[in-house]
Amino acid sequence: MKKLCILLCAFLLTGCSGGKDLENRDFVMAVAVEEKNNDFVVYTSVSKLSNKGEDTGTEEILYDGRGKDMTSAFADMNTKTAGDLYLGHTKALIIDNGFTKYDLLINYIKNNVEIGRDVVVVKGDNVSKILEAKPDEMTSASYIYKYFEDKEKKVDIDALIDSFNSAESINIPVTAISGEKLLFNV
């Protein structure tokens with residue numbers, strides 16, 4: 001009986017069943033969203049990891065996906081990535097100036113427990129180009145997050161959700177791209 005208990009314990013303690021290994025995840029650092037022909041077009045910048053599995057801090061791989069909602073756009077994007085997209089490290093959300101489907105975006109964010117509530121939110125034109133920028137030799141996600149880190153005028157996911165729930169307008173900072181620089185109108 002004692003051997004059976006030991007064997008059962010050894011079997012149960014062998015690791016996470018159904019868990020995702022780190023090497024099978026793509027760590028999303030920034031998400032950009034726009035509307036085209038009534039579809040969601042979502043862009044992500046995914047951290048390019050070194051051979052040791054560490055974030056390089058300066059390189060990201062860009063992906064895009066299209067769908068009728070955020071879930072289907074991410075599903076489309078996941079067919080193009082090496083691993084499963086993981087939103088737990090996201091630093092920035094960039095919303096196109098012409099975007100109107102805030103209700104669907106907010107509901108997706110509220111229902112996705114991976115997304116941190118301190119993600120910085122900005123608006124701009126050419127959101128995919130903003131993701132490609134390398135201001136001060138940094139990725140756009142890191143630059144946006146760092147720029148707003150100590151600013152009072154920062155808008156994060158919590159503030160976006162709160163303003164939507166209370167039907168109050170919120171002044172989301174606007175960013176524009178000039179060469180490799182990102183400029184902010186706060």
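The values are calculated or read from the model by the stated rules, or taken from the named source; none is laboratory data. On a predicted model such as this, the values are computed, not experimentally measured, just so you know. Don't worry about glycine lacking a Cβ; one is built from the backbone with ideal geometry, like all the others, and counts go over all protein chains shown.
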Q. Here are some residues: TYR143, TYR102. Which one is touching a Pro at 6+ places or on another chain (Cβ under 7 Å), of a type outside the set (A, V, I, L, M) and surrounded by 12 or more Cβ atoms within 10 Å (Cβ to Cβ)?
A. TYR143
Q: For ILE177, indicate whether it is in a helix (DSSP H, G or I), crowded, with 19+ Cβ neighbours inside 10 Å and touching a residue at least 12 places away in the same chain (Cβ under 8 Å).
A: no
Q. Tell me, which residue of region 78-98 that is surrounded by 16 or more Cβ atoms within 10 Å (Cβ to Cβ) and under 16 Å from LYS36 (Cα atoms) is farthest from the chain's Cα centre (by Cα)?
A. ASP96
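Considering each residue of region 95-124, count those that are assigned to a loop (DSSP other than H, G, I, E, B), of a type outside the set (Gly, Ala, Ser) and in contact with a strand residue (DSSP E or B) (Cβ under 7 Å, 6 or more places away or on another chain), and give that number.
Summing the residues that are assigned to a loop (DSSP other than H, G, I, E, B), of a type outside the set (Gly, Ala, Ser) and in contact with a strand residue (DSSP E or B) (Cβ under 7 Å, 6 or more places away or on another chain) in region 95-124 gives 8.
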Q) Would a scan of region 120-140 turn up a residue that is out of contact with any helix residue (DSSP H, G or I) (no Cβ under 8 Å at 6 or more places or on another chain) and farther than 17 Å from VAL42 by Cα? A) yes
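Among the residues of region 22-44, is there at least one that is assigned to a strand (DSSP E or B), at pLDDT below 65, more than 16 Å from LEU131 (Cβ to Cβ) and more than 15 Å from the chain's Cα centre (by Cα)? Quick ask: steps written out before the conclusion?
Just the residues of region 22-44 that are assigned to a strand (DSSP E or B), to begin with: 25-36, 39-44.
Still in the list and also at pLDDT below 65: none.
No - not one qualifying residue is present in region 22-44.
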